Amino acid sequence: MNRSATVSAAPRRVPTLPSAPVIGAAAEIRRDYLATVLRAARDVGDIARINAGPPGWRTTFYSVSSPAAVPHVLGQPDLYVKQTAAYQEVRQALGNGMLTSEGDEWRRQRRFLAPIFTPRRIATSYAAIMVEEAQRLVERWETTARNDATVDAHAGMIEVTSRSIGRILFGADMTTAIPRIMRVSYVNEALLLRGITPHATPMWIPTPGNRRLSAGLAEIRGVVADIVAARRAQPAHREDEDLLGLLLSARDDERSGDRLTDAEIADQVLIFLLAGHETTASTLACSLVELARSAPWQSVVHEELAAVLGGRPISSADVAALPWTGRVVRESMRLYPAAHSVGRRALHEDVLCGYRIPAGSDVIISPWAIHRSPHVWRDPEMFDPRRFDLPDGQSPGGHRYAWFPFGAGPHTCVGMQLALLEAPLVLATILQAFTVTTSLTTIPLLAAVTLRPSKPLPVRLEPR
């Protein structure tokens with residue numbers, strides 16, 4: 001869409017979400033951010049102005065729940081930039097890696113990283129690791145199943161994806177590192193809370209929350225720094241065996257002498273380590289629970305796995321022949337998008353879906369609200385993988401951006417292909433071994449930097 005054409009139209013003022021006097025939606029957002037943006041979409045419309053905090057100390061953002069607005073905002077990174085409070089908090093905490101960088105710096109990093117995440121490399125170098133780690137989990141869960149006990153699906157998926165991303169990143173067993181990372185899992189929630197809190201307390205002020213967050217960040221950075229330093233001290237190590245080796249040896253195709261510094265590598269690794277296991281673990285845990293709640297859909301997957309695999313271990317080459325397994329994963333990503341919100345700041349005044357967006361405004365594109373919109377999806381709260389059983393070229397939900405769990409535009413998640421392969425590989429390995437049931441009727445969620453379950457997800461296993 002041509003920006004000058006949109007600005008020349010007669011724009012309307014964005015309607016405001018009705019909320020509490022004085023403090024606006026501040027308390028509601030802290031209590032349940034996801035419910036707040038759904039209420040904005042339902043009660044206000046495609047774009048809602050949300051005020052949080054008292055006058056003079058207020059944060060305002062525009063919550064967007066229309067697929068039509070997605071390419072306009074996320075497809076123009078020079079007009080809508082990553083300068084929101086949430087991005088600034090993540091940048092300060094985790095460094096300026098692919099998640100937070102933009103402009104020339106983002107393009108430089110993308111040139112280094114794109115060759116590392118090609119579909120061919122993922123299928124040939126990483127898929128076997130994912131299957132091996134899933135098989136290790138199945139072996140441990142078999143003991144639980146024999147004792148007729150339940151497992152926490154989320155904890156199990158965190159274990160699998162942590163070990164997988166650890167081996168993909170570092171080529172090593174993450175047995176010692178994983179407990180250190182899990183001890184500071186609260187970092188994710190704390191960063192989001194700071195990002196949505198009007199005028200969060202500066203990190204240099206030693207409040208108990210700030211001290212705890214600083215200690216957690218130091219622990220995670222310590223894990224990464226130790227591994228990078230150890231690798232630098234091993235000149236004989238084959239540098240193409242894992243992602244860290246590839247980063248250490250990477251060159252910029254446009255400037256052959258340009259290399260990533262150790263600090264830049266640590267920033268990239270930190271993002272991959274946190275986002276690379278947390279997001280896929282949540283998708284897998286939610287997929288297992290939804291199948292445990294739906295015996296008919298679980299039977300569909302079991303029958304497909306038996307017909308295609310016949311009991312043998314899955315490989316990357318099998319994924320294309322398992323369409324219903326893949327549709328289960330995609331439907332789980334619709335209901336539980338790990339990137340529940342994608343924030344940008346408007347550099348200039350703009351018009352979005354006929355509404356005026358003032359310069360400097362924070363615009364939050366909400367996959368959570370779009371994926372659950374009754375205007376886009378029929379029975380949006382229902383788990384129904386048939387939504388993705390479509391002819392080639394047809395978009396689920398009837399719009400190119402009705403489903404976009406990995407973001408959109410130039411900054412689409414670089415790890416998308418990795419996640420879309422890992423999830424069906426792990427899910428298939430588990431469901432070859434077990435039938436799953438659960439007492440859960442809903443999945444409790446926490447909207448941290450990424451979406452994740454807020455409580456354990458008990459699942460009962462029956463060996464097949």
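The values are calculated or read from the model by the stated rules, or taken from the named source; none is laboratory data. Everything numeric here is computed off the predicted structure, so don't read it as measured data. When we count neighbours, we look across all protein chains shown, and the Cβ atoms used for this are built from the backbone with ideal geometry, even at glycine. We work out accessible area using only protein heavy atoms, side chains counted, and drop any ligands, DNA or RNA first. Shrake-Rupley method; radii C 1.70, N 1.55, O 1.52, S 1.80 Å.
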Note to self: For the chain, what does the relative contact order come out to in percent, with C-alpha contacts under 8 Å and a separation of six or more?
What the structure shows: 26 percent
Notebook entry, point to check: Considering amide H positions built from the backbone, and no H for Pro or chain starts, which residues 5 or more places from Asp258, or on another chain, come under 5 Å of its amide H?
Noted result: Asp252
Note to self: Leaving out ligands, DNA and RNA, and with a 1.4 Å probe, what % of the accessible surface on the range 340-381 is carbon or sulfur?
What the structure shows: 48 percent
Note to self: I'm a student and want to see the number: the projected area of the Cα convex hull of the chain, averaged over all directions, in nm².
What the structure shows: 23.3 nm²
Check: What does the helix-only formula give at 222 nm for the chain: each DSSP H stretch with n ≥ 4 adding -39500 (n - 2.57), the total divided by the residues, and the result rounded to the nearest 500 deg cm²/dmol?
Finding: -15000 deg cm²/dmol
Checklist line | Theoretical gain in end-to-end length, Met382 to Arg111 [0.36 nm per residue, Cα-Cα removed] | finding: 93.5 nm
Notebook entry, point to check: Points 7 angstrom from Cα along the Cβ direction at Leu79 and Ala233: gap in nanometres?
Noted result: 5.2 nm
Check: When only the heavy atoms of the protein chains count and the probe is 1.4 Å, how do Glu331, Glu381 rank by accessible area, highest first?
Finding: Glu381, Glu331
Checklist line | Cut-off 10 Å between beta-carbons: net charge of the residues surrounding Thr161, Lys and Arg +1, Asp and Glu -1 | finding: -3
Next item on the list: May I ask you to give the average projected area over all directions of the convex hull of the Cα atoms of the range 286-342, in nm² rounded to one decimal?
Entry: 4.6 nm²
Notebook entry, point to check: How much net charge surrounds Arg460 when only the other residues with a Cβ under 13 Å from the Cβ of Arg460 are counted, with Lys and Arg +1 and Asp and Glu -1?
Noted result: -1
Check: What part of the accessible area of the range 106-167, given as a whole %, is carbon or sulfur when the probe is 1.4 angstrom?
Finding: 48 percent
Check: So how much slack lies between Thr118 and Thr442, counting 0.36 nm per residue of separation and subtracting their Cα-Cα distance, in nm?
Finding: 113.0 nm
Margin query: Quick check: net charge around Gly360, other residues with Cβ under 15 Å of its Cβ, Lys/Arg +1 and Asp/Glu -1?
Written below: +3
Notebook entry, point to check: What whole-number value in Å² describes the accessible area per residue of the chain for a 1.4 Å probe?
Noted result: 43 Å²
